[in-house]
1. Filter the range 90-111 down to residues that are open to solvent by 30 Å² or more (accessible area, probe 1.4 Å) and outside any loop (DSSP other than H, G, I, E, B), then give me how many there are.
2. Using beta carbons and a limit of 7 Å, which pairs, at least six apart or on different chains, have the first residue in the range 87-104 and among the hydrophobic types (A, V, I, L, M, F, W, C) and the second one part of a loop (DSSP other than H, G, I, E, B) and surrounded by 11 or more Cβ atoms within 10 Å (Cβ to Cβ)?
3. For the range 113-142, name all the residues that are free of Cβ contacts under 8 Å to residues at least 40 places away in the same chain and farther than 22 Å from Asn37 by Cβ.
4. Being under 11 Å from Pro43 (Cα atoms), part of a strand (DSSP E or B) and among the hydrophobic types (A, V, I, L, M, F, W, C) is the filter here; which residues of the range 118-135 pass it?
5. Can you tell me which residue among Leu46, Leu3 is in contact (Cβ under 8 Å) with a residue 40 or more places away in the chain and either within 17 Å of the chain's Cα centre (by Cα) or not in a loop (DSSP other than H, G, I, E, B) (or both)?
6. Could you pull out the residue among Ser123, Ser75 that is among the hydroxyl-bearing types (Ser, Thr, Tyr) and either over 20 Å from Thr23 (Cα atoms) or open to solvent by 20 Å² or more (accessible area, probe 1.4 Å) (or both)?
Amino acid sequence: MKLIKEKKLEEKLSYEANHDHLTKLGNRKSCFEDFENITKTLPFLLYFDLDNFKIANDKFGHKAGDKVLLDISQSMCDSFGQNNCFRLGGDEFIAFSKAYPQDIELLRRTLLEPIFEFGVGISLGVAKAEDGLTPDEIMHLW
């Protein structure tokens, strides 16, 4: 019985160490640890940074700010799959994709639709993982 409890505790701690507590997306640590494996099959990185998030958070309150983060996370998961999306911190996110998005503006509108009322925008960058480049170097390509 003790081994089962220890195993469950170990799994819980591992999950918490690798996932964002609010959105349940993988966190920065998880993203960078799995980066090489993920980019073997999903070589395109999409970087999302919410515009005016702090203003919306201050204007509507932290509960609304959490809703914005949860809604954008859900929209990303709907578009790219839960295991392919990560919250790097604050209002920064990454999604991995097999192909370059065909219509960036449509993607932007789709992601913003559930949070439009809060006046939040989104900056979006796309880069392709290249051999020999670190995650940080690839993220600076956009």
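1. Applying the first criterion (open to solvent by 30 Å² or more (accessible area, probe 1.4 Å)) to the range 90-111 yields 90-92, 98-100, 102-106, 108-110.
Cutting the leftovers down to outside any loop (DSSP other than H, G, I, E, B) gives us 92, 104-106, 108-110.
Total meeting the criteria: 7.
2. Pairs found: Phe96/Leu42.
3. As a first pass, look at the range 113-142 and keep what is free of Cβ contacts under 8 Å to residues at least 40 places away in the same chain: 113, 116-117, 130-134, 136-137, 140-141.
If the condition is that a residue be free of Cβ contacts under 8 Å to residues at least 40 places away in the same chain and farther than 22 Å from Asn37 by Cβ, then Glu113, Phe116, Glu117 are the ones that fit.
4. So in the range 118-135, the residues under 11 Å from Pro43 (Cα atoms) come out as 126-131.
Cutting the leftovers down to part of a strand (DSSP E or B) gives us 126-128.
Matches in the range 118-135: Val126, Ala127.
5. Numbers: Leu3 fails: in contact (Cβ under 8 Å) with a residue 40 or more places away in the chain.
After applying the criteria, what remains is Leu46.
6. Numbers: Ser75 fails: either over 20 Å from Thr23 (Cα atoms) or open to solvent by 20 Å² or more (accessible area, probe 1.4 Å) (or both).
Among Ser123, Ser75, only Ser123 is among the hydroxyl-bearing types (Ser, Thr, Tyr) and either over 20 Å from Thr23 (Cα atoms) or open to solvent by 20 Å² or more (accessible area, probe 1.4 Å) (or both).
The values are calculated or read from the model by the stated rules, or taken from the named source; none is laboratory data. This one's a predicted model, so the numbers in the text were calculated from it and none came from an experiment. Every residue, glycine as well, gets a Cβ built from its backbone with ideal geometry; the counts of neighbours run over all protein chains shown. To get the accessible areas, we keep the full protein, side chains included, count just its heavy atoms, and leave off ligands, DNA and RNA. Shrake-Rupley method; radii C 1.70, N 1.55, O 1.52, S 1.80 Å.
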